[in-house]
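Okay, structure first, notes after.
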Amino acid sequence: MAEALPKDDLLAARIAGLSFPNEGWQAPARFDALARLTAMGLPGRRDEYWRYTDPASFNRAEPFPAPTFDDDGEGMVFEGIDRLRLVFVDGVFDAEASDPLALDHVEIGLLSAAQSDIHWARELYGVLEARGQVPVKRPFAALNTAFATEGVLIRVTGYVPRPIALIYIHSSDTSDAMLHHCIRVESGADVTILESGPAAARFTKVMEVDVAEGGRFHHIRAQGRDHDRRASTHIFARVAGKGLFKSFTLTANGVMTRNEAVIELVGDEAVAHVAGAAMGDGRFHHDDTVFVTHEGECCESRQVFKKVLKNGATGVFQGKILVKPGAQKTDGYQISQSLLLDGDSVFLAKPELEIYADDVKCSHGSTSGAIDETALFYLRSRGVPLKAAQSLLVLAFLAEAIQEIENEEIAEDIRQRLENWLARHEH
Amino acid sequence: MLEIKNLHVKLEEEDKVILKGVNLTVEAGKVHAIMGPNGSGKSTLSYVLAGRDGYEVTEGSATLDGEELLEMEPEVRAAAGLFLAFQYPVEIPGVGNMTFMRTALNAQRKVRGEEEMSAGDFLKLVREKAKALKIDADMMKRPVNVGFSGGEKKRNEILQMAVLEPRMCILDETDSGLDVDALKLVSEGVNALRDAGRGFLVITHYQRLLDHIQPDVVHIMANGRIVKTGGPELALEVEKNGYADILAAEEA
């Protein structure tokens, strides 16, 4: 282990306080990840994909403290939805607060459990993360693979109507949580994963999702409302032929969030949609960094990211569609938009297309603007009060992202959270 | 009901005076028409009454049932019973037509101290009103005016009017962009709303709308003022001879 320690001072300091779990079936993957991390080092502002977001708070050995948050009675998201609940408090699994880990057509285990070799998980843990390190380095994902202390391992073998909910409670002001989940959706299986809550003062997360032929994966996440929380999350997905991957994220508040999604469409006719709605007021920095690779033919991908920003909030979008040679009939779509509710807020967008096939349809767009005054007047002229009219228009702006949620009950829950947020953050 | 006195209006951003002393009274139960050449200030008058930004009232007043409109926010004017059917109805992607109308109606009811209408009752009400205007259910589900044809947009305006039941209706060139059939539908919709308690101000370029919506009083507006007022025959005169004769006669 000693010889694997990096020479780089910053990295050495970052991992000095972490314990390296070098036993069990993940150990080889952890050693590999540590080697990757050592080779690439921690990111700096000069790295191309960290120009708009300062990695300093993720690089620090200790997290900045974040007071736990009083939600003022709003209650937890997804509460009304029938779901299998898995609760993590500051990154530690809370068995008592969780439901029994049993659900038809699903095998669920914990990363920390001393189970013997789980064949399918061994082929996934750190594997998609490693693939996702090229061509863009993602040091915090490698850090996570090496040091993650907990996570769930979910293998889905059939249609699962009841969502599996990962609930992240933040209870300590200085918690530094690292979770790593592996999800394998077998051929023809169908599952919905919900994630909610702030998790910790600083949260580093990796979710590796492997969708087999014709499998369907739905993911809806609501990141916690704690103002001072920081999160660096990664989704690595590989979608086989006719497979479906859909992910939606709601982010309301949070001083620093970096959500990375790295998706490979490896089989023909695979579909991937990633969407996000982010709401920031004041000290808020939100970064969506997305990389979609088309490898199979006739695949479809959509990236729909919307941000509502006010009082100096910052939004970042870095989205790429890479169409590899042979990925003919690709249908790629990418839109990133911000609604700036005042003159102080900032939106930085870097849309990229890289196409090596000739029979391809790819579109991308990025806009930044204020509320449409003509529409506002129209609504008010019918009797809708100013603030209600503004909220209607903000929700309308976000609608395209929310439409990516297939389950109407969950979509309605998300809409309600957005409305509540808007009501709390009226001008 | 609507009383406009000596109304002077200029553009907020530049020193351009548009209305130069408009005097006009619309009584309950009456339909007044305003005709006039391009640039005479007809649309500005409608926008100023509805409360659109960008205009500055330098003199005069406009009251609805004795209450000063010009001091009110646009939504307060609407709740007080004023309605403007837009010349160019606004497209609002992402806001469903039904949601929009129900939000508007309930907001107005709230101001008037009435109970909110339930989704079920509202649906019934809208269906009934939409049927008369030949607006199909699909149009109701779509986002406000998005992808609507010119005729559909205008019918949607009249539907909103029928649902909100305002006391004072201003129609700003509702006939523009309509074919003969749509014009008939829209006019029938308006005529159905005519009653003793409601006033109308119909702004138009052409007499043909007034064939369908018969006015009680016709005003000719030019250069920011009402220059001539008369009965329905005035509209026919304009149609026959154009505005030039009337304006020349006024100036003489």
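Here are a few things to note about the model shown:
- Relative to the dominant Cα principal axis of chain A, helix A:386-402 is inclined by about 40°.
- Principal axes of the stretch A:63-120: Cα extent on each, largest first, Å: 43, 33, 20
- Rounded to the nearest 20 debye, the dipole size of the stretch A:374-426 about its Cα centre is 540 debye, using +1 on the Cβ of Lys and Arg and -1 on the Cβ of Asp and Glu.
- For the stretch A:105-213, convex hull volume per residue from C-alpha positions, Å³: 111
- Ordering of A:232-239, B:13-20 by packing [mean C-beta count within 10 Å, highest first]: A:232-239, B:13-20
- Segment A:Glu426-A:Asp70, length gained on full extension (0.36 nm per residue, minus Cα span): 126.3 nm
- Expressed as a whole percent, the proportion of Cα-Cα pairs in the stretch B:91-140 lying more than 18 Å apart is 35%.
- Dipole magnitude of the stretch A:273-427, debye to nearest 20 (Cβ charges: Lys/Arg +1, Asp/Glu -1, about Cα centre): 540
- More than 34 angstrom apart: percent of Cα pairs within the protein assembly as shown: 54
- A dipole drawn for the stretch B:128-252 from +1 and -1 charges on Cβ atoms has a positive end, and of B:Asn223, B:Val146, B:Ser176 the residue lying farthest that way is B:Val146.
- Compared with the alpha-carbon gap, the fully stretched path from B:Tyr206 to B:Asp181 is longer by 7.4 nm at 0.36 nm per residue.
- In units of the rule-of-thumb radius 2.2 N^0.38 Å, the stretch A:374-426 shows an alpha carbon radius of gyration of 1.22.
- Span from the the stretch B:89-160 Cα centroid across to the the stretch B:45-77 one, whole angstrom: 25
- P(r) of the stretch A:126-187 over all Cα-Cα pairs, binned every 5 Å from zero, in whole percent: 4, 13, 20, 19, 18, 15, 9, 2, 0
- The modelled label-to-label distance for the pair A:Ser172/B:Ser118, using points 7 Å beyond Cα in the direction of Cβ, is 5.2 nm.
- Exercise: per-residue mean of other protein chain Cβ atoms within 10 Å, B:85-94: 5
- Selection from A:Leu250, A:Phe347, A:Val274, by position along the positive dipole direction of chain A (Cβ): A:Phe347
- Taking the convex hull of Cα positions in the stretch A:7-266, its mean projected area over all directions (nm²): 13.2
- Treating r as the C-beta distance of B:Glu71 and B:Glu188 and R0 as 35 Å, the FRET efficiency rounds to 0.45.
- For the listed peptides A:162-171, B:235-244, a ranking on the average number of other beta carbons within 10 Å per residue, highest first, reads A:162-171, B:235-244.
- Calculated P(r) tail over 15 Å for the stretch A:297-382, as whole % of Cα pairs: 63
- The helix-based estimate of mean residue ellipticity at 222 nm for the protein assembly as shown, built from -39,500 (n - 2.57) per DSSP H run of four or more residues and divided by its residue count, is -8000 deg cm²/dmol to the nearest 500.
- Acute angle (nearest 10 degrees) that the helix B:119-132 long axis makes with the longest principal axis of chain B, alpha-carbon atoms: 50
- Spin-label model, A:Glu107/A:Arg46: points 7 Å from Cα along the beta carbon direction are separated by 4.7 nm.
- Averaging 1/r over every pair of different alpha carbons in chain B and inverting the result gives a Kirkwood radius of 18.7 Å.
- Taking Cα centre as origin and charging only the Cβ of basic (Lys, Arg, +1) and acidic (Asp, Glu, -1) residues, the dipole magnitude of chain B rounds to 700 debye.
- Nearest-ten-degree value, helix A:408-424 long axis tilted from longest Cα axis of chain A: 60
- Taken residue by residue and averaged, Cβ atoms of other chains lying within 10 Å of the Cβ of B:199-206 number 0.
- Probe 1.4 Å, all protein chains present, accessible-area order of A:Lys242, A:Lys387, A:Lys307, B:Lys141, largest first: B:Lys141, A:Lys242, A:Lys387, A:Lys307
- Per residue of peptide B:211-220, the mean number of Cβ atoms on other chains within 10 Å of the residue Cβ is 0.
The values are calculated or read from the model by the stated rules, or taken from the named source; none is laboratory data. Keep in mind it's a predicted model, so treat the numbers as computed, not measured. Cβ: placed from backbone, ideal geometry, glycine included. Neighbour counts: every protein chain shown. The area values use the complete protein model at the heavy-atom level, side chains included, leaving out ligands, DNA and RNA. Shrake-Rupley method; radii C 1.70, N 1.55, O 1.52, S 1.80 Å.
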